[in-house]
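Read through the structure below, which is laid out as C-alpha cells, and then see the notes.
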Amino acid sequence: MRQKHLEMLLEQVRGFSSPHPSKEQYSTPAIVAAELLHFAFMRGDITDTVFDLGCGTGMLAIGAKLLGAEKVIGFDDDRDALEIARANADRLDVDVGFVCSRIDEVCGKAHTVVMNPPFGAQVKGSDRPFLRKALELSRVVYSIHNAGSTDFIRKFISPSVITEHRLIDFPIKRTFKFHTREMQVIKVEMYRIEKR
C-alpha cells in the first residue's frame with residue numbers, strides 16, 4: 001500500500017472526545033502516522049505482532065494492521081479513548097485488539113512497537129516509561145519525540161541504538177484552552193530504535 005493511500009484511510013480515524021492535557025492527548029495526524037508506519041513497513045518491521053503503546057484512539061495500531069501486520073494490539077489507560085479506537089477499527093474493518101492498561105503494566109512480546117508517547121511538555125519525563133517499556137517488549141521501536149531529543153534518547157536507551165531518525169512536521173489542531181491558534185506546526189523527530 002502506498003503511503004498516500006494509507007494516509008487517506010487513516011483520515012477516517014476519529015480523535016479524542018475529551019482529551020486530557022496532563023496526558024498530552026493530541027491525536028496523531030494521519031499524515032504523521034502514515035509516514036511513521038510506511039517508514040517501518042519499508043524496513044520490514046510491520047510484520048508478526050505489533051504493539052502500539054499509548055494508542056489513544058487507535059491511529060497507529062489501525063495503520064499497522066492495514067499494512068499487513070499479523071497481530072496488532074493497542075494499549076492505553078483511557079477507557080473512553082479505547083471505545084473510540086474500537087469503533088475506528090470497526091469503521092476501517094480491521095481486527096485490532098485494544099487493552100486498557102497503565103504503561104508499567106503492559107506485558108507480552110512484539111516484533112515491533114510503534115508509538116507517539118507524551119513528549120513531556122506537561123509532565124516532565126512522561127516519555128521515559130514508554131521508551132523503557134517499548135524496549136522491554138520488542139527489539140524494534142518506532143517513536144516520535146520533540147525535535148532536539150536525539151542526545152537524550154541516545155543516552156536513555158543505551159545500550160540500544162538509534163538506527164535512523166527523521167525530522168518532520170507535526171500539525172497540532174487546537175485541542176485545549178491554552179492553545180491560541182487553530183493549527184500549529186511543530187518539529188518532531190521520528191526514531192527507529194534497535195534493542196542491543
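Here is a list: Phe39, Phe51, Phe75. Which entry is out of contact with any Gly (no Cβ under 8 Å at 6 or more places or on another chain) and either buried (at least 20 other Cβ atoms within 10 Å of the Cβ) or farther than 12 Å from Val94 by Cβ (or both)?
Answer to the check: Phe39.
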### Query
So, of the residues in segment 128-146 that are part of a strand (DSSP E or B) and of a type in the set (A, V, I, L, M), which turns out to be modelled with the lowest pLDDT?
Ile144
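When you scan segment 155-166, do you find a residue that is hydroxyl-bearing (Ser, Thr, Tyr) and assigned to a strand (DSSP E or B), even just one?
Scanning segment 155-166 turns up at least one residue that is hydroxyl-bearing (Ser, Thr, Tyr) and assigned to a strand (DSSP E or B).
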### Message
Of everything in segment 149-173, what is without any contact (Cβ under 8 Å) to a residue 24 or more places away in the chain and of a type in the set (Gly, Ala, Ser)? Give them in sequence order.
### Response
Ser158
### Summary
If we ask which residues in segment 144-162 are out of contact with any helix residue (DSSP H, G or I) (no Cβ under 7 Å at 6 or more places or on another chain) and surrounded by 15 or more Cβ atoms within 10 Å (Cβ to Cβ), their number turns out to be 5
### Message
What's the number of the only condition in (1) surrounded by fewer than 18 Cβ atoms within 10 Å (Cβ to Cβ); (2) at pLDDT 95 or above; (3) outside any strand (DSSP E or B) that Ala110 fails to meet?
### Response
(1)
### Task
Scan segment 80-107 residue by residue and report those that are of a type outside the set (A, V, I, L, M, F, W, C) and modelled with pLDDT of 95 or more.
Glu83, Arg86, Asn88, Asp90, Arg91, Asp93, Asp95, Gly97, Ser101, Arg102, Asp104, Glu105
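The values are calculated or read from the model by the stated rules, or taken from the named source; none is laboratory data. What you see is a predicted model, and the numbers here were worked out from it, not measured in a lab. No Cβ is skipped: glycine too gets one built from the backbone with ideal geometry, and neighbour counts run over all protein chains shown.
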